[in-house]
Each structure stands twice: as structure tokens, then as C-alpha cells.
Amino acid sequence: MGTAQETVARRTIRLLIVDDSNIVRRRIERSQQFDELEVVGTAANGLEALELARRTDPDLVTMDLTMPQMDGIECITQLVRFKPEIRILVISALADKATAVEAMERGANGFLNKPFTDRQLNDAIAELMY
């Protein structure tokens, strides 16, 4: 018989990955090293992300900024409106400080520049999870 601590289930954190690059989406999915993270979907643009978010109810989102159909800034705005407690990590090659500030003002919780290492990705995700 296990202890009470052993029977307490870890809370699963639902992750949605949003980037127009399939390579980046797959890299994020492969690189994350947290047992409690469950990838609930991947999207190539903001419109797909919103549709998936409504179906999968993610807790955490990695978000590119430059995408077709709907950019990351607009998607962040709508995701936060849909679920105010959502945690969003922007992952972008745009090192433009004004864009990063705008993303944070719209509701993003962290920013990671591309290219990134697996360690940088996992450190950034950990900051938003705990």
C-alpha cells in the first residue's frame, strides 16, 4: 500500500504549440522534458490555435509571433480573452523590444528568442509552470 503522497496524482498541464514552422513545432514537442506536460495540439497559425484552444483547453501555449492568417499578437489577445489564466510563452526570432513588450502587454508571460537551446526552452517553460 502506497503512502498518501504516492497516491496524489500530479496535475497534467495541457500544452498547445503554435508556430508556422513544422520543424519548430516538432522541436518544441521533442525538446520539452516535463512528465506533467501533455501536448494537446499543434497549430501553424493563430486561427488554428484559437480553434484548437477552444477544443483542448490548454493551460500553457508556446506562441510564434510572425504567422500567416493571424499573427501571434492578435492570437495572444484572443486567447487571454477566452481564458484569462492561460500562460503564454512567446518563441520568436523577432528580437524587436517593442514587439516583445506588446506581446507581454497583451497577456504573454514570457519570451524566448529563436534560435534557442533545449535548456533555454525547458527553463522558460518551467518558469511558467511553477
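The values are calculated or read from the model by the stated rules, or taken from the named source; none is laboratory data. Computed from a predicted structure; not experimentally measured. Every residue, glycine as well, gets a Cβ built from its backbone with ideal geometry; the counts of neighbours run over all protein chains shown.
The figures follow:
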{"read-out": "Of all residues making up the stretch 33-44, the number that are out of contact with any helix residue (DSSP H, G or I) (no Cβ under 8 Å at 6 or more places or on another chain) and crowded, with 18+ Cβ neighbours inside 10 Å", "value": "0"}
{"read-out": "Residues satisfying the stated conditions in the stretch 79-98, i.e. buried (at least 18 other Cβ atoms within 10 Å of the Cβ) and out of contact with any Gly (no Cβ under 6 Å at 6 or more places or on another chain)", "value": "LEU79, ILE86, ARG87, ILE88, VAL90, ILE91, SER92"}
{"read-out": "Unique match (being surrounded by fewer than 19 Cβ atoms within 10 Å (Cβ to Cβ), outside any loop (DSSP other than H, G, I, E, B), out of contact with any helix residue (DSSP H, G or I) (no Cβ under 9 Å at 6 or more places or on another chain) and at pLDDT 95 or above) among ARG30, ARG55, ARG25", "value": "ARG55"}
{"read-out": "Residues within the stretch 11-29 that are farther than 14 Å from ILE91 by Cβ and free of Cβ contacts under 8 Å to residues at least 24 places away in the same chain, tallied", "value": "1"}
{"read-out": "Filter result (farther than 14 Å from SER21 by Cα and touching a residue at least 40 places away in the same chain (Cβ under 8 Å)) within the stretch 64-87", "value": "CYS75, ARG87"}
